[in-house]
Amino acid sequence: STLPETTSRSTGGVSFSGHETFVCRYGWLKKAVDALMKNPQAFVEDTAMVDLGVGKNMVRSIRHWALATNVIEEVPGKRGAELRASPLGTLLLVEGGTDPYLEDPNSLWLLHWQLATNERRATTWAWAFSLVRNHDFTRDTLLGLVQAELRRRSLGLPSEHSLRRDIDVFVRTYVSTRRAAVLEDSLECPLTELGLLSEDDASGLVQFNAGFHRTLGMEVFVYALLDFWQRSALGRETLAFSEIAYGYASPGVAFKLDENSLTERLERLEQSTNGRLVYTDTAGIRQVYQRGGPMERIAVLSHYYADADNGILVEG
């Protein structure tokens with residue numbers, strides 16, 4: 001089944017390295033935030049390996065994943081030498097944060113959203129989710145797509161070896177190695193729990209698993225919709241269904257929601273946002289519009305995590 005073509009756009013720079021071929025492991029993002037709360041220069045100190053308790057390559061990988069998932073950010077004017085917890089990292093991962101050990105599946109969906117829309121730091125992730133138009137692909141077809149997109153944008157081609165390594169890490173981010181008896185759970189990426197990708201070992205076919213995704217809560221969906229809105233249509237009061245479903249780095253493509261699943265979520269918007277976002281389907285024109293001015297994305301998440309009914313214990 002083929003999805004309508006999406007339109008890509010450059011957001012300033014691409015990257016196919018930084019992870020040192022390690023997937024993001026359990027505990028790494030909290031480790032990054034904790035280190036920076038003590039010292040904004042934690043990752044450039046001579047003692048970084050000792051302080052973080054990992055080897056040099058893993059220090060680089062932890063820094064990469066924390067930036068790529070947007071739980072940390074560069075301090076302006078410091079050229080990357082100083083980093084700090086982002087609003088998202090502060091909400092989730094600081095001491096007394098709302099979900100420091102990523103026990104809530106919604107936290108994993110949030111991290112996935114950051115990767116799937118972060119063209120600058122996780123290019124393969126962003127392009128795979130937004131530009132692969134078939135539900136299944138191989139590493140070779142993804143390699144060809146990445147190379148073609150780089151040529152189209154006149155960005156220059158990294159070595160095929162580098163791109164293949166990056167694609168391998170991309171697949172391992174979402175597909176379990178199935179060697180749980182041999183490998184510790186901590187070596188897997190937590191995002192394997194989302195069930196977004198599966199791989200057939202015999203054919204090498206990798207498949208996007210589109211559907212409703214019951215562990216994806218409305219608050220995270222609303223957060224993503226608002227984030228997409230701000231990036232793609234800032235200042236506009238309406239967003240078309242086609243943009244939400246198939247636009248570059250949209251909730252539809254990033255979360256792999258089929259049209260029925262997306263429609264079901266959009267129909268719940270008005271109730272979920274107290275009337276601030278409303279979905280209409282009039283005379284065949286399907287769109288979402290905002291009422292009462294722009295909503296604050298991080299406030300939507302704060303409200304969700306503060307709600308005792310969701311089973312998350314909030315300290316303080």
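The values are calculated or read from the model by the stated rules, or taken from the named source; none is laboratory data. Because the structure is predicted, anything quoted here is derived from the model rather than measured. So basically every Cβ, Gly included, is an ideal-geometry build from the backbone, and we count neighbours across all protein chains shown. Heavy atoms of the whole protein, side chains included, go into the accessibility calculation; ligands, DNA and RNA do not. Shrake-Rupley method; radii C 1.70, N 1.55, O 1.52, S 1.80 Å.
Observations, loosely collected:
- So Gln207, is it out of contact with any helix residue (DSSP H, G or I) (no Cβ under 6 Å at 6 or more places or on another chain), touching a residue at least 40 places away in the same chain (Cβ under 8 Å), open to solvent by 20 Å² or more (accessible area, probe 1.4 Å) and not aromatic (Phe, Trp, Tyr): yes
- Taken as a whole, the condition of being buried (at least 21 other Cβ atoms within 10 Å of the Cβ), under 17 Å from the mean Cα position of the chain (by Cα) and more than 29 Å from Leu29 (Cβ to Cβ) applies to Ala245.
- Criterion (at pLDDT 95 or above, closer than 25 Å to Glu149 by Cα and surrounded by 18 or more Cβ atoms within 10 Å (Cβ to Cβ)) met by exactly one of Leu93, Leu111, Leu29, Leu88: Leu111
- Within region 235-281, being under 26 Å from Asn209 (Cα atoms) and outside any helix (DSSP H, G or I) holds for Leu239, Ala240, Gly247, Tyr248, Ala249, Ser250, Phe255, Lys256, Leu257, Asp258, Arg268, Tyr279.
- So Ser302, is it outside any loop (DSSP other than H, G, I, E, B) and open to solvent by 60 Å² or more (accessible area, probe 1.4 Å): no
- Applying a threshold of 9 Å to beta carbon distances and a minimum spacing of six or more residues, or different chains, the list of pairs starting in region 60-80 at a residue that is on the phi > 0 side of the Ramachandran plot and free of Cβ contacts under 8 Å to residues at least 12 places away in the same chain and ending at one that is among the charged types (D, E, K, R) and open to solvent by 10 Å² or more (accessible area, probe 1.4 Å) reads Gly80/Glu74.
- Filtered residues of region 159-188 (kept if at pLDDT 95 or above, in contact with a Phe, Trp or Tyr (Cβ under 9 Å, 6 or more places away or on another chain) and assigned to a loop (DSSP other than H, G, I, E, B)): none
- Of all residues in region 214-234, those that are touching a residue at least 60 places away in the same chain (Cβ under 8 Å) and in a loop (DSSP other than H, G, I, E, B) total 3.
- Condition broken by Pro100, with the remaining ones in (1) surrounded by fewer than 19 Cβ atoms within 10 Å (Cβ to Cβ); (2) within 20 Å of Asn118 (Cα to Cα) satisfied: (2)
- Contact annotation: residue pairs with Cβ atoms under 7 Å, 6 or more positions apart or on different chains, pairing a residue in region 276-296 that is without any contact (Cβ under 8 Å) to a residue 40 or more places away in the chain and open to solvent by 40 Å² or more (accessible area, probe 1.4 Å) with a partner that is aliphatic (A, V, I, L, M) and in a strand (DSSP E or B), are Arg291/Val278.
- Filtered residue count, region 64-85, keeping only those that are open to solvent by 10 Å² or more (accessible area, probe 1.4 Å), among the β-branched types (Val, Ile, Thr) and under 16 Å from Val23 (Cβ atoms): 0
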